[in-house]
1. Provide a single number: the residues in the range 405-451 that are over 30 Å from ALA61 (Cα atoms) and charged (D, E, K, R).
2. I'm checking my understanding of the structure. Among residues of the range 378-407 that are touching a strand residue (DSSP E or B) at 6+ places or on another chain (Cβ under 8 Å) and more than 12 Å from ARG337 (Cα to Cα), which one is surrounded by the most Cβ atoms within 10 Å (Cβ to Cβ)?
3. Being modelled with pLDDT of 95 or more and more than 14 Å from LEU245 (Cα to Cα) is the filter here; which residues of the range 83-111 pass it?
4. Hey, which of the strands (runs of 3 or more DSSP E) in the range 396-471, taking only ones fully inside, have at least 2 residues that are more than 30 Å from GLY283 (Cα to Cα) and of a type in the set (A, V, I, L, M)?
5. What do you reckon, is ILE177 among the hydrophobic types (A, V, I, L, M, F, W, C), touching a residue at least 60 places away in the same chain (Cβ under 8 Å) and crowded, with 18+ Cβ neighbours inside 10 Å?
6. Just checking, how many residues over the range 192-222 are in contact with a strand residue (DSSP E or B) (Cβ under 9 Å, 6 or more places away or on another chain), among the small types (Gly, Ala, Ser) and either farther than 26 Å from ILE248 by Cα or at pLDDT 95 or above (or both)?
7. Within the bounds of the range 276-286, is there any residue that is more than 30 Å from ALA446 (Cβ to Cβ), modelled with pLDDT of 95 or more and either of a type in the set (Val, Ile, Thr) or touching a Ser or Thr at 6+ places or on another chain (Cβ under 9 Å) (or both)?
Amino acid sequence: MVTRRNLIKGAAAVPLLSTLGAPLLKAAERSSVIVVGGGLSGLYSALLLADAGLDVTVLEASQRIGGRVYTRDGVETRPEFGASQIGRTYARVINLCSRLDLKLIPEHRNLMPMSSYLEQNWVRSDQWADSPLNRMVGDERKMQPALVGSQLLSKFNPLQNLDDWLNPKFADYDVSILELMQRNNVSPAAIRLAGIGNDLYGSSALGLMQEKTRGLFDARFGNQEVEEIDRPYGFANRKLEGESLARINNIEGGCSRMPEAMAAALGDSVQTGKMVRAIDMSGDRAEVRCVDGSRYTADFVISALPFSVLRNVSIYPLLQGPQADAVHKIGYAGTTRAFGFIEEPYWEQDGFEPSFFTDGTIHMLWALEKRPDEDKHRFMVVFTEPAASRIDQFPKDQALALMESEIARIRPSTKGKLRFLDMYGWSNNTFIRGCRHMFKPGQINAFAREMIVPHERLHFAGEHTRRSDFGMESALESGERAAFEIIGRA
């Protein structure tokens, strides 16, 4: 039987630095291993390699460590621009937090109920099933507009095991979301709602099913029942009596504290401002060349870069076949969010629910339950995929002004009651170029199995190379795999 104790015990068996917190390694032009990319996966692989006695150099292009883990410390409320959720089955993350003396706290980010603004009309969630705006058929009518795509994917998901998505048995599901829905006779009205803010043509249904399977595993861990709730992501957070962790947790002070502590443990081995332009393995060692003219040599290299960035790095000998296709063709999706406080409860004025979903310029506004130490609700305006691409074209000040005016136009009760703090779009980050990888239809069958195989002296890590996990845990999973591959060769 799988238990949290067994999971954490298994992770604890993985060697890690015995003296975390003290700089152990001095960066040098010549190393045993060069890790390209200072996000969670790159840093974790470096820690494991250092503990195995190898000299490691980590090269990070930006001036900030952490990659897609990004707590915005300079903004009120310290919003998480990137990864934030830590599930109870994130064994590696939980173990690493313990070793780095990072405290896990329950996430206070449950959504308040959500109304919808469709075809220039408002409808409450409790009135949606019988609303004339609801043109879906049969059981479809029970699905809330913001949840249609997600719930249909869950309905048609055949995966049971965490690695089933790589099993050729399920190859027929590596199709677009649109094709999957059409195969299953989903109504045109449901398809239309599912397409609001989602790319029905360009995303593999099988890839998204893997995430749903992993998410359900985490939610049901410990034989917990998963309740049906109105929220467009994940499951409601709760902490059962006798459990040390809630279903969803954060790191006290922000999730950036983890990569910062990892980098501190590695000391001068981590170098920022080092944008890699070439990886040359034609000699008896690998040579990594940076844009600033610096060069590093090593026996092995780990690329922890997203393929959206690695495709701009010259690699020799050249990548071939499915692996080359993966690096140069895999899709990446954007997510953009704006953060702020709700100064007054506007829903008491108009009678609609606090959160809302729209088919217009604004994708979703998430009104969040108050945190125990706050007297005001927080909110996030959320844009995904096509909607994110549109809003990302505006400068930040114009985008925030547009959001505020458009929300006030469609919902006048909010005027003067939303205080925006900041926003962030991952597609605008030139060192990452997207919030996450997103397999396009057919890409799992074409190259997902082959794309993580070492190439010459080059090994691959990063969330996009995961096999069984997702989120922060998948980043550590991939870093662990790459490190063990090299330890086996060294």
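The values are calculated or read from the model by the stated rules, or taken from the named source; none is laboratory data. Bear in mind that the values here come from a model prediction, so they are computed numbers and not experimental data. Cβ atoms come from the backbone with ideal geometry, glycine included; neighbour counts cover every protein chain shown.
1. Looking only at that region, the number is 6.
2. Ranking the candidates gives ILE407 first.
3. ARG92, LEU96, LEU100, ASP101
4. 418-425
5. Answer is no for this residue.
6. Of the residues in the range 192-222, 5 are in contact with a strand residue (DSSP E or B) (Cβ under 9 Å, 6 or more places away or on another chain), among the small types (Gly, Ala, Ser) and either farther than 26 Å from ILE248 by Cα or at pLDDT 95 or above (or both).
7. yes
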